[in-house]
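J.: Dropping the structure in here first, questions after.
The values are calculated or read from the model by the stated rules, or taken from the named source; none is laboratory data. The structure displayed is predicted, hence computed values, not measured ones. Cβ placement follows ideal geometry from the backbone for every residue including glycine, while neighbour counts extend to all protein chains displayed. Only protein heavy atoms, including side chains, enter the accessible area calculation; ligands, DNA and RNA are left aside. Shrake-Rupley method; radii C 1.70, N 1.55, O 1.52, S 1.80 Å.
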Amino acid sequence: MAKRALIMVGGSVGNGPPHIQAAQRLGLHPITLAAEPTQYDYLAAKGIEAIRIDTGDLDALIHECSRLRATYDIAGITGFAGLDESIPATVGKLCRHFGLPGPNPASVERCCDKFTQRQLLAEAGVPMPAYRLAANATEVESSAAEIGLPVVVKPAMGAGSVGVRLCRNVDELAEHTTYLLGGNVWGSSPRILVEEFAQGPLYVANLMGNEVIGITAYEFGPPPHFVVRESTCPAPLIADEYQRIADVSMSCLRALGLGWGPSNIELRWTKRGPVVIEVNPRLGVGEPKLIRLAYGVDLVTEHIKLVIGEEWDLRKRHSQTAASRILVPDRDGILDWIRGESRAAAVPGVAEVKLYIKPKSPFVRQGDIRDKIGHVIAASPGPAQTRAILQHAVDLIGWSITPFPTLGE
């Protein structure tokens, strides 16, 4: 009998390893199709079958999956969104082609274009910041003038806060517009979204199908960037606030034609209540670990069950507070050393300590998700205890960065 295989398109440092483990636990043979499989250490470390392929070429992916079907029983296809967010829509198209369970590719594609997403949410009356689409510097300037500074300026496509900046005055606006139009983000001049800066705490609602599983609170580093420093699940919300976020989240799914599988919705709680920043038709990066520690629900395993056509189980098994602290250096340079991770991992209540960078590596801050050099995750019965465990563990980790030599030295 042919082995049952799970095809994974692309890779993910955060969500990749748990998907591999969950697939193997479910008796599946994971196969990764990626543009650069060697950039994902976990594939080689676990001896995972990996095939180099252009993940942007649907015909090539269909051909490869058809070839694999001669050897394997393909039980399902899933994938990971890269920074350009294109893979979830591709996965939907592959699932349709092979008659496998999967998301509606048209809904996912509409969602990945932030401007189209905003238009559909606006038509449905979903609360969100004022926004404009701009194609050049003049349009960015007039959009910002209409909305009023400060504004958030970002590419209409993409993820991980890449190219996203808070522009507080005309100089910052002009500087960031020049940066985006210079093709510094995606290699081509992007369509630009100019948005009102929704002020207030940020929350992420994690949904599976039409059910809110948990809401996480986020804290960011200093502006003008949006680099996450800490996340806590469950978010400290009273019942009415939780319900309002859940209701707005459900209205987003209806407006965008989503509701199959996982989604995560970013909202800010402003003076007028929750306003939607972004809807992502996928698992959030790092969110499954927090949800599993907080509630005992394994979103990765349950997602794979859905992908292969099995019944999922989203029942909560316990209630704890889980939190993650992201390690972000305060300077660019060469990492001389980083140590203390094993001592931090030994602290009772610490669930995971992970470093992404090795000593003697160069490091340049980008002002987005790529700035993190590691993370610590902790869980305990309550928020104050979890915060104390996390702080204690983080204090045990130290590093040294030598700045790059300046010109003329």
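J.: Under a plain spin-label model, where a point goes 7 Å from the Cα along Cα-to-Cβ, how far apart in nm are Asp240 and Lys3?
T.: Placing both labels 7 Å along Cα→Cβ, they lie 5.6 nm apart.
J.: I'd like the FRET efficiency for Arg315 and Gln21, computed as 1/(1 + (r/R0)^6) with the beta carbon distance as r and R0 of 22 Å, rounded to 0.05.
T.: Details: r = 21 Å, r/R0 = 0.95.
After rounding, the FRET efficiency stands at 0.60.
J.: Starting from the Cα of Arg370, step 7 Å along the direction of its Cβ; do the same at Glu139; then give the gap between the two resulting points in nm.
T.: 2.6
J.: Using 0.36 nm per residue of separation minus the Cα-Cα distance, give me the extension gain between Asp247 and Asp57 in nm, one decimal. Let's see the in-between values first.
T.: Working: separation 190, 0.36 × 190 = 68.40 nm, distance 3.74 nm.
Separation in residues times 0.36 nm, less the Cα-Cα distance, equals 64.7 nm.
J.: Run the numbers on region 1-98 and let me know its relative contact order in percent, using alpha-carbon pairs under 8 Å that are six or more apart.
T.: Result for region 1-98 is 36 percent.
J.: Of the heavy-atom accessible surface of the chain (probe 1.4 angstrom), what whole percent is carbon and sulfur?
T.: Of all accessible area on the chain, carbon and sulfur atoms account for 52 percent.
J.: Here's a follow-up. If the label point is 7 Å along Cα→Cβ of Thr116, which residues in region 93-110 have backbone nitrogen under 12 Å from it?
T.: Label zone hits: 105-110.
J.: Quick one: how many lysine pairs in the chain have C-alpha atoms under 13 angstrom apart, if they're 8 or more apart or on different chains?
T.: Number of lysine pairs found: 4.
J.: For Arg325, Arg191, Arg52, Arg315, give me the order by solvent-accessible area with a 1.4 Å probe, most accessible first, ignoring ligands, DNA and RNA.
T.: The most accessible residue leads, giving Arg315, Arg52, Arg191, Arg325.
J.: Let me have the relative contact order for region 157-258, percent, based on Cα pairs under 8 Å that are six or more residues apart.
T.: Rounded, it is 20 percent for region 157-258.
J.: Note down the accessible area of Glu241, probe 1.4 Å, to the nearest 10 Å².
T.: Surface accessible to solvent at Glu241 totals approximately 50 Å².
J.: Averaged per residue, what accessible area in Å² does region 288-409 show with a 1.4 Å probe, protein chains only?
T.: Per-residue value: 51 Å².
J.: What's the FRET efficiency of Arg168 with Trp337 using the Cβ-Cβ distance as r and R₀ = 30 Å, to the nearest 0.05?
T.: The calculated FRET efficiency here is 0.25.
J.: Same structure, new question: With just the Cα atoms of the chain, tell me how far they stretch along each of the three principal axes, in Å, largest first.
T.: For the chain, the Cα extents along the three principal axes come out at 66, 53, 51 Å.
J.: Sum up the charges of everything whose Cβ sits under 12 Å from the Cβ of Val353, counting Lys and Arg as +1 and Asp and Glu as -1, but leave Val353 out.
T.: Result for the local shell: +2.
J.: List the relative contact order of the chain as a percent without decimals, with contacts defined as Cα pairs under 8 Å and 6+ residues apart.
T.: Numbers: 860 pairs, mean separation 53.2, N = 409.
Rounded, it is 13 percent for the chain.
J.: Now for a separate question. Between the DSSP loop rule and a limit of at most 15 other Cβ atoms within 10 Å, which trypsin sites (Lys or Arg not before Pro) in region 220-285 are left?
T.: Values: sites: Arg229, Arg244, Arg254, Arg268, Lys271, Arg272, Arg282; in loops: Lys271, Arg272, Arg282.
Passing both the DSSP loop test and the Cβ count: Lys271, Arg272.
J.: Something else: Measure out, as a whole number of angstrom, how far apart the alpha-carbon centroids of region 199-256 and region 338-388 sit.
T.: For region 199-256 versus region 338-388, the Cα centre distance is 22 Å.
J.: Starting at the first residue of region 45-50, write each ³J(HN,Hα) from the Karplus equation 6.51 cos²θ - 1.76 cosθ + 1.60 with θ = phi - 60°, in whole Hz, x for Gly and Pro.
T.: Per-residue couplings from phi come out as 4, 9, x, 7, 5, 9 Hz.
J.: A further question follows. Ranked highest first by the average count of other Cβ atoms within 10 Å around their residues, in what order do 159-169, 289-299, 115-125 fall?
T.: Ranking, from highest mean packing down: 289-299, 159-169, 115-125.
J.: Right, another one. Between Arg69 and Thr38, what is the FRET efficiency for a Förster distance of 35 Å, r being their Cβ-Cβ separation, to the nearest 0.05?
T.: Details: r = 26 Å, r/R0 = 0.73.
Once the sixth-power term is evaluated, E becomes 0.85.
J.: Just the number please: accessible area per residue for region 181-238, 1.4 Å probe, all protein chains included, in Å².
T.: For region 181-238, the per-residue accessible area is 40 Å².
J.: Now, a different point. For region 63-203, what does the alpha-carbon gyration tensor say about shape, rounded, prolate or oblate, given a ≥ b ≥ c as the root eigenvalues, a/c under 1.5 as rounded, and a/b over b/c as prolate?
T.: The shape class here is prolate.
J.: Additional query: Top to bottom by accessible area (1.4 Å), largest first, where do Val194, Val13, Val353 land?
T.: Sorted by accessible area, descending: Val13, Val353, Val194.
J.: Once the other residues with Cβ under 12 Å from the Cβ of Ile53 are scored (Lys, Arg +1; Asp, Glu -1), what is the net sum?
T.: Working: positive: Arg52, Arg67; negative: Glu36, Asp54, Asp57, Asp59, Glu64.
For residues surrounding Ile53, the net value is -3.
J.: While we're looking at this one, here's another question. Take the alpha carbon gyration tensor of region 157-277, find the square roots of its eigenvalues, order them as a ≥ b ≥ c, and report rounded if a/c is under 1.5; if not, report prolate when a/b exceeds b/c, else oblate.
T.: Values: a/c = 2.24, a/b = 1.65, b/c = 1.36.
Prolate shape, in that a/c is at least 1.5 and a/b is the bigger ratio.
J.: On a 1.4 Å probe surface of the protein chains, which of Lys354, Lys360 comes out largest in accessible area, and what is the full order?
T.: Accessible-area ranking of Lys354, Lys360, largest first: Lys360, Lys354.
J.: Per residue, how large is the accessible surface of region 63-147? Use a 1.4 angstrom probe and give square angstrom. Walk me through the intermediate numbers first.
T.: Numbers: 3700 Å² over 85 residues.
On a per-residue basis, region 63-147 sits at 43 Å².
J.: Need one word for region 232-349: rounded, prolate or oblate. Basis is the Cα gyration tensor (sqrt eigenvalues a ≥ b ≥ c); a/c below 1.5 gives rounded, then a/b vs b/c decides.
T.: Cα axes put region 232-349 in the prolate bin.
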